[in-house]
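> To start, I am sharing the structure in question, which I have written as C-alpha cells.
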Amino acid sequence: MAVTYQTDGVKMPAIRRRETTAWIRRVADTYGKRTGDIAYIFCSDDKIIEVNRQYLQHDYYTDIITFDYTEGDVISGDIFISLDTVRSNSEQFGTEYGDELHRTIIHGILHLCGIDDKGPGQREVMEEAENRALAMR
C-alpha cells in the first residue's frame, strides 16, 4: 500500500513526496478512509487528452483525471495530472503554481473519498473540502 509519483513526458514537479504522502493520509483519515495504492502520474496536456479520449470518451483538456479503485474504506486509484493545465489554471486564477498543484493533488484524493463536483452545488462543496485540506498542509 503506497502512494507513488511518476511522470509521463514531463519533468517531476518539485514536491516533497514524503510530506505530501503524509498530508494525503491525514486528509483521507478525516473522511474515515485509509490509503491503499495511489499512483500519481504527472503528464502533459497531450497525454491527458489522450487518456480522456481513450477511457472517458471526452474530447477536452482537463487538469486531472481520477480512476477510482476504492474498496470499502481503503482508497486506491490512478490520478493523472496535466502539469500544463495546472500551470494555465494558476495563471488564470492568479495563484502560485505550487498551491495550484497541491489543490489538484488533493482534488483527486477528495474524489476517492467520495466527493463529487459535477452536479448542482457540488463544485462549492469540493472547493470547501479542498480549502480545508490545503489548510492541513
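The values are calculated or read from the model by the stated rules, or taken from the named source; none is laboratory data. It should be emphasised that the depicted structure is a prediction, and the values quoted were computed from it without experimental measurement. All Cβ positions, glycine included, derive from the backbone under ideal geometry; neighbour counts span all protein chains shown.
> Here is a list: G121, G98. Which entry is out of contact with any His (no Cβ under 7 Å at 6 or more places or on another chain), modelled with pLDDT under 95 and under 23 Å from A28 (Cα atoms)?
Numbers: G98 fails: modelled with pLDDT under 95.
Exactly one of G121, G98 is out of contact with any His (no Cβ under 7 Å at 6 or more places or on another chain), modelled with pLDDT under 95 and under 23 Å from A28 (Cα atoms), namely G121.
> Another question, then. Could you please give the count of residues in the stretch 9-64 that are in contact with a His (Cβ under 9 Å, 6 or more places away or on another chain) and within 14 Å of I105 (Cβ to Cβ)? Quick ask: steps written out before the conclusion?
First, the residues of the stretch 9-64 that are in contact with a His (Cβ under 9 Å, 6 or more places away or on another chain): 15, 20, 23, 49, 52, 63-64.
Retained after the next criterion (residues that are within 14 Å of I105 (Cβ to Cβ)): 15, 20, 23, 63-64.
The number of residues fulfilling the criteria is 5.
> Moving to a separate point now. Any idea which of T104, T62, T7 is surrounded by fewer than 19 Cβ atoms within 10 Å (Cβ to Cβ), of a type in the set (V, I, T) and closer than 25 Å to R132 by Cβ?
Details: T104 fails: surrounded by fewer than 19 Cβ atoms within 10 Å (Cβ to Cβ); T7 fails: closer than 25 Å to R132 by Cβ.
On inspection, the qualifying residue turns out to be T62.
> Considering only the stretch 1-118, give the strands (runs of 3 or more DSSP E) lying wholly within it that have at least 3 residues that are within 11 Å of the chain's Cα centre (by Cα).
Details: elements: 3-8, 34-43, 64-68, 74-82.
By residue number, 34-43, 64-68, 74-82.
> Which of the residues that make up the stretch 11-27 are of a type outside the set (D, E, K, R) and touching a residue at least 12 places away in the same chain (Cβ under 8 Å)?
Start the filter on the stretch 11-27 by keeping residues that are of a type outside the set (D, E, K, R), which leaves 12-15, 20-24, 27.
Selection gives M12, P13, A14, I15, T20, T21, W23, I24, V27.
> For the stretch 73-92, which residues satisfy the criterion of being over 11 Å from G36 (Cα atoms) and either of a type in the set (G, A, S) or at pLDDT below 95 (or both)?
Those that are over 11 Å from G36 (Cα atoms) and either of a type in the set (G, A, S) or at pLDDT below 95 (or both): S82, S88, S90.
> Being surrounded by fewer than 18 Cβ atoms within 10 Å (Cβ to Cβ) and closer than 19 Å to N131 by Cβ is the filter here; which residues of the stretch 67-101 pass it?
Matches in the stretch 67-101: N89, Q92, F93, G94, T95, E96, Y97, G98, D99.
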